[in-house]
Amino acid sequence: APSPTTAVPYTSVKCIDIRKNHHKTKWLVPWGPNHCEKLKDFDEAVSRQIEANDIVFAVHIPLPKKEMSPWFQFMLFIMQLDIAFKMDNDLKENAEITLDVSLAYRDDMFDDWEEIAHAIEIRKLKCTFGSPKTLESEGRHYDCDFLPFMEIGSVAHKYYLINIRLPVNERKGINVGIGEIKDIRLVGIHQNGGFTKVWFAMKTFLTPSILIIMVWYWRRITLMTRAPVLLEKVIFALGISMTFINIPVEWFSIGFDWTWMLLFGDIRQGIFYAMLLSFWIIFCGEHMMDQNERNRLSGYWKQVGPIAVGSFCLFIFDMCERGVQLKNPFFSIWTTEVGTELAMAFIIVAGICLCLYFLFLCFMVFQVFRNISGKQSSLPAMSKARRLHYEGLIFRFKFLMLITLACAAMTVIFFIVSQVTEGHWKWGDITIQVNSAFFTGIYGMWNLYVFALMFLYAPSHKNYGEDQSNGDLGVNSGEELQLTTTITHVDGPTEVYKLARKEAQE
(Lines give C-alpha, C1' and ligand atoms only; values in the text may rest on other atoms or scores of the structure.)
Protein backbone atom coordinates (compact mmCIF):
# COMPACT_ATOMS: atom_id res chain seq x y z
CA ALA A 1 0.00 0.00 0.00
CA PRO A 2 1.15 3.61 -0.50
CA SER A 3 2.18 5.59 2.58
CA PRO A 4 -0.76 6.26 4.95
CA THR A 5 -0.74 10.07 4.82
CA THR A 6 0.34 12.99 2.63
CA ALA A 7 1.37 16.46 3.85
CA VAL A 8 0.63 19.40 1.53
CA PRO A 9 2.06 22.89 2.28
CA TYR A 10 -0.16 25.94 1.70
CA THR A 11 0.77 29.63 1.87
CA SER A 12 -2.04 32.03 2.68
CA VAL A 13 -2.88 34.96 0.39
CA LYS A 14 -3.38 38.36 2.02
CA CYS A 15 -6.77 39.67 0.89
CA ILE A 16 -8.20 43.14 1.48
CA ASP A 17 -11.64 42.96 3.05
CA ILE A 18 -13.55 45.70 1.21
CA ARG A 19 -17.01 44.87 2.51
CA LYS A 20 -17.31 48.46 3.67
CA ASN A 21 -17.51 49.22 -0.07
CA HIS A 22 -20.63 46.97 -0.38
CA HIS A 23 -18.77 43.79 -1.24
CA LYS A 24 -21.36 41.05 -1.91
CA THR A 25 -19.83 38.01 -0.23
CA LYS A 26 -18.28 37.50 3.18
CA TRP A 27 -15.88 34.87 1.81
CA LEU A 28 -12.55 35.99 0.33
CA VAL A 29 -11.08 33.58 -2.24
CA PRO A 30 -7.32 33.70 -3.02
CA TRP A 31 -7.59 32.74 -6.74
CA GLY A 32 -10.04 31.68 -9.45
CA PRO A 33 -13.26 33.47 -10.45
CA ASN A 34 -14.29 36.30 -8.07
CA HIS A 35 -10.89 36.26 -6.35
CA CYS A 36 -10.12 38.91 -3.76
CA GLU A 37 -7.97 42.03 -4.09
CA LYS A 38 -4.51 40.95 -2.91
CA LEU A 39 -1.69 42.58 -1.00
CA LYS A 40 1.94 41.75 -1.76
CA ASP A 41 3.14 42.60 1.74
CA PHE A 42 2.36 44.75 4.76
CA ASP A 43 4.49 47.65 3.53
CA GLU A 44 1.97 48.04 0.72
CA ALA A 45 -0.84 47.98 3.32
CA VAL A 46 0.87 50.80 5.28
CA SER A 47 1.37 52.93 2.15
CA ARG A 48 -2.30 52.41 1.18
CA GLN A 49 -3.47 53.07 4.77
CA ILE A 50 -5.10 49.64 5.06
CA GLU A 51 -5.55 48.62 8.71
CA ALA A 52 -4.71 45.19 10.14
CA ASN A 53 -8.43 44.54 10.76
CA ASP A 54 -9.10 44.86 7.02
CA ILE A 55 -6.67 42.08 6.05
CA VAL A 56 -7.84 38.46 5.69
CA PHE A 57 -5.45 35.53 5.19
CA ALA A 58 -7.19 33.20 2.71
CA VAL A 59 -6.28 29.57 1.94
CA HIS A 60 -8.02 27.49 -0.72
CA ILE A 61 -7.86 23.69 -0.32
CA PRO A 62 -6.70 21.96 -2.42
CA LEU A 63 -4.21 23.73 -4.71
CA PRO A 64 -5.40 24.90 -8.18
CA LYS A 65 -6.63 22.25 -10.68
CA LYS A 66 -7.08 19.62 -7.95
CA GLU A 67 -10.04 18.41 -5.85
CA MET A 68 -10.43 16.76 -2.47
CA SER A 69 -11.98 13.30 -2.22
CA PRO A 70 -13.94 11.33 0.45
CA TRP A 71 -11.18 8.67 0.15
CA PHE A 72 -8.89 11.09 2.05
CA GLN A 73 -10.94 10.28 5.24
CA PHE A 74 -9.71 13.20 7.38
CA MET A 75 -7.89 16.54 7.23
CA LEU A 76 -5.47 17.79 9.87
CA PHE A 77 -3.96 21.29 9.59
CA ILE A 78 -0.88 22.68 11.30
CA MET A 79 -0.07 26.40 11.28
CA GLN A 80 3.31 28.06 11.03
CA LEU A 81 3.74 31.81 11.40
CA ASP A 82 6.51 33.79 9.71
CA ILE A 83 7.31 36.53 12.25
CA ALA A 84 10.00 39.12 11.52
CA PHE A 85 11.97 41.00 14.21
CA LYS A 86 11.50 44.77 14.47
CA MET A 87 12.89 46.96 17.22
CA ASP A 88 9.66 48.94 17.64
CA ASN A 89 7.39 45.83 17.39
CA ASP A 90 9.13 43.10 19.36
CA LEU A 91 7.60 39.73 20.25
CA LYS A 92 6.86 39.85 23.99
CA GLU A 93 7.28 36.95 26.44
CA ASN A 94 4.46 34.35 26.46
CA ALA A 95 2.74 36.17 23.61
CA GLU A 96 -0.70 34.94 22.57
CA ILE A 97 -2.19 35.31 19.11
CA THR A 98 -5.97 35.60 18.65
CA LEU A 99 -7.32 34.11 15.41
CA ASP A 100 -10.78 34.77 13.99
CA VAL A 101 -11.15 31.71 11.74
CA SER A 102 -13.86 30.51 9.36
CA LEU A 103 -14.14 27.34 7.28
CA ALA A 104 -16.41 26.90 4.23
CA TYR A 105 -16.95 24.37 1.44
CA ARG A 106 -18.39 24.05 -2.06
CA ASP A 107 -18.62 21.24 -4.62
CA ASP A 108 -18.46 23.35 -7.76
CA MET A 109 -16.09 26.17 -8.71
CA PHE A 110 -19.06 28.51 -9.34
CA ASP A 111 -21.26 27.62 -6.32
CA ASP A 112 -21.59 29.85 -3.27
CA TRP A 113 -19.48 28.99 -0.24
CA GLU A 114 -21.32 27.29 2.65
CA GLU A 115 -19.99 27.83 6.18
CA ILE A 116 -18.92 24.74 8.18
CA ALA A 117 -17.48 26.41 11.27
CA HIS A 118 -16.45 29.75 12.73
CA ALA A 119 -14.46 30.29 15.92
CA ILE A 120 -12.22 32.71 17.75
CA GLU A 121 -9.17 30.78 18.91
CA ILE A 122 -6.15 31.73 21.03
CA ARG A 123 -2.75 30.10 20.41
CA LYS A 124 0.43 30.54 22.48
CA LEU A 125 3.50 31.56 20.47
CA LYS A 126 6.68 29.66 21.28
CA CYS A 127 9.43 31.39 19.32
CA THR A 128 13.21 31.81 19.64
CA PHE A 129 15.50 34.36 18.00
CA GLY A 130 19.00 33.19 17.14
CA SER A 131 20.66 36.61 16.69
CA PRO A 132 21.11 39.52 19.10
CA LYS A 133 18.14 41.90 19.01
CA THR A 134 19.88 44.91 17.39
CA LEU A 135 19.11 47.18 14.43
CA GLU A 136 21.23 44.95 12.15
CA SER A 137 18.97 41.97 12.92
CA GLU A 138 15.77 43.75 11.81
CA GLY A 139 13.88 41.75 9.20
CA ARG A 140 15.23 38.38 10.33
CA HIS A 141 12.63 35.76 11.19
CA TYR A 142 11.93 34.13 14.55
CA ASP A 143 12.09 30.34 14.74
CA CYS A 144 8.54 29.44 15.85
CA ASP A 145 6.99 26.09 16.76
CA PHE A 146 4.14 24.60 14.73
CA LEU A 147 0.68 25.41 16.10
CA PRO A 148 -2.22 22.93 15.97
CA PHE A 149 -4.86 24.59 13.78
CA MET A 150 -7.74 22.33 12.70
CA GLU A 151 -8.91 18.73 12.31
CA ILE A 152 -11.99 17.41 10.46
CA GLY A 153 -13.05 13.75 10.51
CA SER A 154 -14.39 13.56 6.95
CA VAL A 155 -13.57 15.03 3.53
CA ALA A 156 -17.04 15.01 1.98
CA HIS A 157 -16.59 18.05 -0.31
CA LYS A 158 -14.34 18.94 -3.24
CA TYR A 159 -13.22 22.44 -2.24
CA TYR A 160 -12.59 24.07 1.13
CA LEU A 161 -11.80 27.67 2.03
CA ILE A 162 -10.18 29.00 5.20
CA ASN A 163 -10.36 32.71 6.09
CA ILE A 164 -8.15 33.85 8.97
CA ARG A 165 -8.31 37.32 10.51
CA LEU A 166 -5.99 38.73 13.17
CA PRO A 167 -8.23 41.31 14.88
CA VAL A 168 -6.25 44.05 16.65
CA ASN A 169 -7.62 45.83 19.71
CA GLU A 170 -4.96 47.82 21.56
CA ARG A 171 -7.27 48.79 24.42
CA LYS A 172 -8.02 45.12 25.24
CA GLY A 173 -4.48 43.98 24.36
CA ILE A 174 -5.66 41.64 21.59
CA ASN A 175 -2.90 40.76 19.09
CA VAL A 176 -0.52 43.33 20.60
CA GLY A 177 3.16 42.42 21.07
CA ILE A 178 3.11 39.46 18.65
CA GLY A 179 5.90 40.81 16.40
CA GLU A 180 5.55 41.64 12.72
CA ILE A 181 3.69 38.80 11.04
CA LYS A 182 4.80 38.41 7.44
CA ASP A 183 2.95 35.26 6.40
CA ILE A 184 0.71 32.48 7.65
CA ARG A 185 1.56 29.03 6.30
CA LEU A 186 -0.47 25.85 6.76
CA VAL A 187 0.43 22.19 6.35
CA GLY A 188 -2.55 20.00 5.42
CA ILE A 189 -2.30 16.28 6.22
CA HIS A 190 -4.80 13.77 4.85
CA GLN A 191 -4.94 9.99 4.39
CA ASN A 192 -3.89 8.71 0.98
CA GLY A 193 -6.74 7.41 -1.18
CA GLY A 194 -4.68 4.37 -2.24
CA PHE A 195 -3.99 3.43 1.39
CA THR A 196 -7.71 3.87 2.23
CA LYS A 197 -8.68 1.42 -0.54
CA VAL A 198 -6.18 -1.22 0.67
CA TRP A 199 -7.39 -0.72 4.27
CA PHE A 200 -11.07 -1.09 3.28
CA ALA A 201 -10.28 -4.18 1.19
CA MET A 202 -8.50 -5.79 4.17
CA LYS A 203 -11.45 -5.08 6.49
CA THR A 204 -13.98 -6.36 3.95
CA PHE A 205 -12.00 -9.58 3.42
CA LEU A 206 -11.24 -10.25 7.11
CA THR A 207 -14.74 -9.59 8.53
CA PRO A 208 -16.41 -12.77 7.13
CA SER A 209 -13.38 -14.97 7.95
CA ILE A 210 -13.45 -14.03 11.66
CA LEU A 211 -17.27 -14.21 11.73
CA ILE A 212 -17.27 -17.75 10.29
CA ILE A 213 -14.64 -19.04 12.74
CA MET A 214 -16.57 -17.39 15.64
CA VAL A 215 -19.82 -19.15 14.70
CA TRP A 216 -17.96 -22.48 14.27
CA TYR A 217 -16.14 -22.01 17.62
CA TRP A 218 -19.27 -21.18 19.62
CA ARG A 219 -21.17 -24.05 18.00
CA ARG A 220 -18.42 -26.45 19.17
CA ILE A 221 -18.76 -25.10 22.72
CA THR A 222 -22.58 -25.42 22.75
CA LEU A 223 -22.27 -29.08 21.67
CA MET A 224 -20.45 -29.84 24.94
CA THR A 225 -22.34 -31.28 27.89
CA ARG A 226 -20.50 -28.98 30.33
CA ALA A 227 -20.77 -25.20 30.69
CA PRO A 228 -18.11 -23.12 28.88
CA VAL A 229 -15.04 -22.36 31.01
CA LEU A 230 -13.69 -18.82 31.55
CA LEU A 231 -10.94 -19.16 28.93
CA GLU A 232 -13.47 -20.15 26.24
CA LYS A 233 -15.73 -17.21 27.11
CA VAL A 234 -12.80 -14.76 27.01
CA ILE A 235 -11.61 -16.07 23.61
CA PHE A 236 -15.16 -15.62 22.28
CA ALA A 237 -15.30 -12.06 23.71
CA LEU A 238 -11.96 -11.33 22.00
CA GLY A 239 -13.46 -12.61 18.74
CA ILE A 240 -16.44 -10.24 19.17
CA SER A 241 -14.14 -7.22 19.77
CA MET A 242 -12.05 -8.20 16.71
CA THR A 243 -15.23 -8.41 14.59
CA PHE A 244 -16.31 -4.99 15.93
CA ILE A 245 -13.01 -3.43 14.77
CA ASN A 246 -13.21 -5.34 11.44
CA ILE A 247 -16.73 -4.40 10.27
CA PRO A 248 -16.04 -1.97 7.41
CA VAL A 249 -18.50 0.80 8.34
CA GLU A 250 -15.91 3.15 6.79
CA TRP A 251 -17.47 2.36 3.39
CA PHE A 252 -20.35 4.65 4.44
CA SER A 253 -17.91 7.54 4.96
CA ILE A 254 -17.45 7.66 1.15
CA GLY A 255 -21.11 8.57 0.63
CA PHE A 256 -22.00 10.35 3.90
CA ASP A 257 -20.45 13.32 5.69
CA TRP A 258 -19.80 11.50 8.97
CA THR A 259 -17.34 13.67 10.89
CA TRP A 260 -17.53 11.36 13.95
CA MET A 261 -15.77 8.45 12.17
CA LEU A 262 -12.35 9.31 13.72
CA LEU A 263 -13.82 9.24 17.24
CA PHE A 264 -15.74 6.03 16.49
CA GLY A 265 -12.52 4.42 15.17
CA ASP A 266 -10.67 5.39 18.37
CA ILE A 267 -13.42 3.89 20.56
CA ARG A 268 -13.40 0.62 18.57
CA GLN A 269 -9.63 0.36 18.85
CA GLY A 270 -9.76 1.15 22.59
CA ILE A 271 -12.29 -1.64 23.26
CA PHE A 272 -10.10 -4.10 21.33
CA TYR A 273 -6.92 -3.04 23.20
CA ALA A 274 -8.66 -3.45 26.58
CA MET A 275 -10.02 -6.88 25.58
CA LEU A 276 -6.67 -8.07 24.19
CA LEU A 277 -4.67 -6.96 27.27
CA SER A 278 -7.24 -8.57 29.62
CA PHE A 279 -7.23 -11.77 27.57
CA TRP A 280 -3.45 -12.19 27.81
CA ILE A 281 -3.56 -11.91 31.61
CA ILE A 282 -6.40 -14.47 31.89
CA PHE A 283 -4.81 -16.75 29.25
CA CYS A 284 -1.54 -17.01 31.21
CA GLY A 285 -3.33 -17.15 34.58
CA GLU A 286 -5.55 -20.07 33.50
CA HIS A 287 -2.44 -22.12 32.62
CA MET A 288 -0.69 -21.49 35.95
CA MET A 289 -0.18 -24.53 38.16
CA ASP A 290 -0.88 -22.84 41.48
CA GLN A 291 -3.33 -23.30 44.32
CA ASN A 292 -5.43 -20.26 43.36
CA GLU A 293 -9.10 -20.72 42.56
CA ARG A 294 -9.23 -20.07 38.82
CA ASN A 295 -11.95 -20.19 36.15
CA ARG A 296 -13.65 -17.08 37.62
CA LEU A 297 -13.32 -13.52 36.31
CA SER A 298 -13.39 -12.18 39.88
CA GLY A 299 -10.02 -13.90 40.46
CA TYR A 300 -8.41 -11.44 38.01
CA TRP A 301 -9.83 -8.13 39.24
CA LYS A 302 -6.37 -6.89 40.40
CA GLN A 303 -4.98 -7.26 36.87
CA VAL A 304 -8.06 -6.48 34.76
CA GLY A 305 -9.21 -3.54 36.97
CA PRO A 306 -6.27 -1.22 36.11
CA ILE A 307 -6.71 -2.04 32.37
CA ALA A 308 -10.37 -0.98 32.57
CA VAL A 309 -9.49 2.23 34.48
CA GLY A 310 -6.70 3.08 32.00
CA SER A 311 -9.00 2.49 29.02
CA PHE A 312 -11.68 4.72 30.57
CA CYS A 313 -9.11 7.52 31.15
CA LEU A 314 -7.96 7.31 27.52
CA PHE A 315 -11.61 7.46 26.42
CA ILE A 316 -12.19 10.65 28.48
CA PHE A 317 -8.97 12.15 27.03
CA ASP A 318 -10.13 11.31 23.49
CA MET A 319 -13.57 12.84 24.10
CA CYS A 320 -11.89 16.05 25.30
CA GLU A 321 -10.03 16.32 21.96
CA ARG A 322 -11.99 14.58 19.20
CA GLY A 323 -15.38 14.92 20.89
CA VAL A 324 -15.13 18.74 21.09
CA GLN A 325 -13.79 18.87 17.50
CA LEU A 326 -17.15 17.58 16.25
CA LYS A 327 -18.56 21.01 17.19
CA ASN A 328 -15.45 23.12 16.71
CA PRO A 329 -12.79 21.69 14.34
CA PHE A 330 -10.33 24.44 15.42
CA PHE A 331 -10.27 23.24 19.03
CA SER A 332 -7.13 21.51 20.31
CA ILE A 333 -6.26 20.29 23.80
CA TRP A 334 -2.61 21.19 23.00
CA THR A 335 -3.29 24.95 22.88
CA THR A 336 -3.28 25.56 26.64
CA GLU A 337 -0.47 24.89 29.12
CA VAL A 338 -2.70 22.64 31.26
CA GLY A 339 -4.02 20.80 28.19
CA THR A 340 -0.53 20.17 26.80
CA GLU A 341 0.78 18.92 30.16
CA LEU A 342 -2.28 16.68 30.59
CA ALA A 343 -1.99 15.30 27.06
CA MET A 344 1.75 14.63 27.42
CA ALA A 345 1.20 13.06 30.86
CA PHE A 346 -1.51 10.79 29.44
CA ILE A 347 0.70 9.56 26.60
CA ILE A 348 3.79 9.07 28.83
CA VAL A 349 1.85 7.29 31.63
CA ALA A 350 0.07 5.07 29.08
CA GLY A 351 3.44 4.16 27.51
CA ILE A 352 5.06 3.38 30.89
CA CYS A 353 2.04 1.29 32.01
CA LEU A 354 2.11 -0.69 28.77
CA CYS A 355 5.84 -1.42 29.15
CA LEU A 356 5.31 -2.55 32.78
CA TYR A 357 2.35 -4.66 31.63
CA PHE A 358 4.56 -6.32 29.01
CA LEU A 359 7.25 -7.15 31.62
CA PHE A 360 4.56 -8.63 33.92
CA LEU A 361 3.23 -10.70 30.99
CA CYS A 362 6.77 -11.98 30.26
CA PHE A 363 7.07 -13.01 33.93
CA MET A 364 3.74 -14.90 33.78
CA VAL A 365 4.74 -16.65 30.54
CA PHE A 366 8.08 -17.60 32.14
CA GLN A 367 6.20 -19.15 35.11
CA VAL A 368 3.92 -21.11 32.77
CA PHE A 369 6.95 -22.38 30.81
CA ARG A 370 8.69 -23.45 34.03
CA ASN A 371 5.60 -25.33 35.20
CA ILE A 372 5.11 -27.05 31.84
CA SER A 373 8.81 -28.01 31.74
CA GLY A 374 8.43 -29.55 35.20
CA LYS A 375 5.49 -31.57 33.90
CA GLN A 376 7.63 -32.89 31.03
CA SER A 377 9.69 -34.94 33.52
CA SER A 378 6.76 -37.37 33.87
CA LEU A 379 6.59 -38.02 30.11
CA PRO A 380 9.20 -40.86 29.86
CA ALA A 381 7.01 -43.04 32.12
CA MET A 382 4.13 -42.91 29.61
CA SER A 383 3.51 -45.20 26.67
CA LYS A 384 5.11 -44.12 23.37
CA ALA A 385 1.86 -43.00 21.73
CA ARG A 386 0.76 -41.04 24.80
CA ARG A 387 4.21 -39.50 25.25
CA LEU A 388 4.27 -38.31 21.63
CA HIS A 389 0.77 -36.94 22.09
CA TYR A 390 1.73 -34.86 25.14
CA GLU A 391 5.04 -33.75 23.59
CA GLY A 392 3.06 -32.47 20.61
CA LEU A 393 0.62 -30.67 22.91
CA ILE A 394 3.39 -29.04 24.95
CA PHE A 395 5.34 -27.98 21.85
CA ARG A 396 2.23 -26.37 20.32
CA PHE A 397 1.35 -24.69 23.61
CA LYS A 398 4.86 -23.24 24.02
CA PHE A 399 4.78 -22.04 20.41
CA LEU A 400 1.43 -20.29 21.05
CA MET A 401 2.85 -18.67 24.20
CA LEU A 402 5.85 -17.29 22.25
CA ILE A 403 3.53 -16.01 19.50
CA THR A 404 1.48 -14.32 22.27
CA LEU A 405 4.60 -12.55 23.56
CA ALA A 406 5.59 -11.45 20.04
CA CYS A 407 2.04 -10.19 19.41
CA ALA A 408 2.06 -8.32 22.75
CA ALA A 409 5.44 -6.70 22.02
CA MET A 410 4.32 -5.52 18.57
CA THR A 411 1.01 -4.20 19.99
CA VAL A 412 2.82 -2.18 22.70
CA ILE A 413 5.24 -0.73 20.11
CA PHE A 414 2.33 0.06 17.74
CA PHE A 415 0.36 1.86 20.47
CA ILE A 416 3.32 4.02 21.59
CA VAL A 417 4.42 4.85 18.02
CA SER A 418 0.88 5.73 16.89
CA GLN A 419 0.44 8.06 19.90
CA VAL A 420 3.77 9.78 19.23
CA THR A 421 3.01 10.08 15.50
CA GLU A 422 -0.38 11.63 16.21
CA GLY A 423 1.14 14.04 18.71
CA HIS A 424 4.38 15.05 16.98
CA TRP A 425 2.72 17.69 14.77
CA LYS A 426 1.29 19.17 17.93
CA TRP A 427 4.45 19.41 20.00
CA GLY A 428 6.89 20.12 17.23
CA ASP A 429 10.27 18.47 17.28
CA ILE A 430 9.69 14.68 17.19
CA THR A 431 9.18 13.11 13.75
CA ILE A 432 8.45 9.44 13.15
CA GLN A 433 7.57 8.11 9.71
CA VAL A 434 5.22 5.16 10.06
CA ASN A 435 4.74 3.34 6.78
CA SER A 436 1.64 1.47 5.69
CA ALA A 437 3.31 -1.96 6.10
CA PHE A 438 3.37 -1.33 9.86
CA PHE A 439 -0.37 -0.49 10.03
CA THR A 440 -1.55 -3.32 7.76
CA GLY A 441 0.95 -5.77 9.31
CA ILE A 442 -0.20 -5.18 12.91
CA TYR A 443 -3.86 -5.30 11.88
CA GLY A 444 -3.33 -8.56 9.96
CA MET A 445 -1.37 -10.01 12.90
CA TRP A 446 -4.27 -9.37 15.32
CA ASN A 447 -6.72 -11.11 12.98
CA LEU A 448 -4.47 -14.12 12.44
CA TYR A 449 -3.82 -14.39 16.18
CA VAL A 450 -7.55 -14.34 17.08
CA PHE A 451 -8.27 -16.81 14.25
CA ALA A 452 -5.54 -19.20 15.48
CA LEU A 453 -6.77 -18.99 19.10
CA MET A 454 -10.32 -19.96 18.17
CA PHE A 455 -9.11 -22.75 15.95
CA LEU A 456 -6.72 -24.21 18.55
CA TYR A 457 -9.01 -23.76 21.56
CA ALA A 458 -12.29 -25.05 20.11
CA PRO A 459 -13.31 -28.15 22.14
CA SER A 460 -12.94 -31.44 20.28
CA HIS A 461 -16.18 -33.01 19.02
CA LYS A 462 -14.61 -36.49 18.80
CA ASN A 463 -15.39 -38.98 21.56
CA TYR A 464 -12.38 -40.87 22.87
CA GLY A 465 -12.19 -43.88 25.16
CA GLU A 466 -13.12 -43.55 28.81
CA ASP A 467 -9.54 -44.25 29.90
CA GLN A 468 -8.15 -41.14 28.34
CA SER A 469 -10.94 -38.79 29.27
CA ASN A 470 -10.47 -39.77 32.91
CA GLY A 471 -6.81 -38.77 32.73
CA ASP A 472 -5.61 -42.40 32.95
CA LEU A 473 -2.12 -43.07 31.59
CA GLY A 474 -3.20 -46.30 29.85
CA VAL A 475 -3.04 -46.89 26.10
CA ASN A 476 -6.13 -47.00 23.94
CA SER A 477 -7.10 -46.50 20.33
CA GLY A 478 -8.16 -42.89 21.01
CA GLU A 479 -4.52 -41.88 21.57
CA GLU A 480 -3.49 -42.55 18.00
CA LEU A 481 -6.36 -40.40 16.72
CA GLN A 482 -5.68 -37.62 19.22
CA LEU A 483 -2.17 -37.07 17.86
CA THR A 484 -3.61 -35.50 14.73
CA THR A 485 -6.09 -33.22 16.47
CA THR A 486 -5.54 -29.71 17.76
CA ILE A 487 -4.78 -28.97 21.41
CA THR A 488 -8.29 -29.71 22.62
CA HIS A 489 -10.03 -32.33 24.70
CA VAL A 490 -13.54 -33.60 25.19
CA ASP A 491 -13.52 -32.80 28.93
CA GLY A 492 -11.83 -29.41 28.91
CA PRO A 493 -10.66 -26.53 26.76
CA THR A 494 -7.11 -27.91 26.40
CA GLU A 495 -5.21 -30.89 27.75
CA VAL A 496 -2.43 -28.59 28.94
CA TYR A 497 -5.12 -26.68 30.83
CA LYS A 498 -6.36 -30.00 32.29
CA LEU A 499 -2.83 -31.07 33.24
CA ALA A 500 -2.38 -27.78 35.09
CA ARG A 501 -5.67 -28.22 36.95
CA LYS A 502 -4.85 -31.83 37.95
CA GLU A 503 -1.42 -30.81 39.28
CA ALA A 504 -2.90 -27.97 41.36
CA GLN A 505 -5.52 -30.31 42.86
CA GLU A 506 -2.86 -32.85 43.84
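The values are calculated or read from the model by the stated rules, or taken from the named source; none is laboratory data. No experiment lies behind these values; they were computed from the predicted model shown. Note: ideal-geometry Cβ built from the backbone for every residue, glycine included; neighbour counts use all protein chains shown. We work out accessible area using only protein heavy atoms, side chains counted, and drop any ligands, DNA or RNA first. Shrake-Rupley method; radii C 1.70, N 1.55, O 1.52, S 1.80 Å.
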Quick check: at a probe of 1.4 Å, how many percent of the accessible area of region 194-457 sits on carbon and sulfur atoms?
74
Gain on full stretching of the segment that runs from residue 345 to residue 251 - 0.36 nm per residue minus C-alpha separation:
30.4 nm
Using amide H atoms built 1.01 Å from N in the peptide plane, name the residues 5+ places from residue 182, or on other chains, whose amide H lies under 5 Å from its own.
82, 83, 84
Taking the square root of 5λ for each eigenvalue of the C-alpha gyration tensor of region 5-190, the equivalent ellipsoid has semi-axes, largest first and in whole angstrom, of 29, 20, 14
Is region 97-245 rounded, prolate or oblate when judged by the Cα gyration tensor, a ≥ b ≥ c being the square roots of its eigenvalues, rounded requiring a/c under 1.5 and prolate requiring a/b larger than b/c?
prolate
Any chance you could count the Lys pairs in region 194-457 whose alpha carbons are under 26 Å apart, treating pairs 8 or more apart or on different chains as valid?
8
If I model a spin label as a point 7 Å beyond the Cα along the Cα-Cβ vector, how far apart are those points for residue 215 and residue 40 in nm?
7.2
Using the Kirkwood formula on alpha carbons, the hydrodynamic radius of region 194-457 in angstrom works out to 20.8
Estimated FRET transfer efficiency (residue 264, residue 455; beta-carbon r; R0 41 Å; 0.05)
0.85
Karplus ³J(HN,Hα) for region 235-243 (6.51 cos²θ - 1.76 cosθ + 1.60, θ = phi - 60°; Hz, whole; x = Gly/Pro) runs 4, 5, 4, 5, x, 5, 5, 5, 5
Solvent-accessible area per residue for region 194-457 (1.4 angstrom probe, square angstrom):
47
With labels modelled as points extended 7 Å from the Cα through the Cβ direction, what inter-label distance (nm, one decimal) is found for residue 92 paired with residue 437?
5.3
Given a 1.4 Å probe and every protein chain left where it sits, what share in percent of the accessible area of region 5-190 is carbon and sulfur?
49
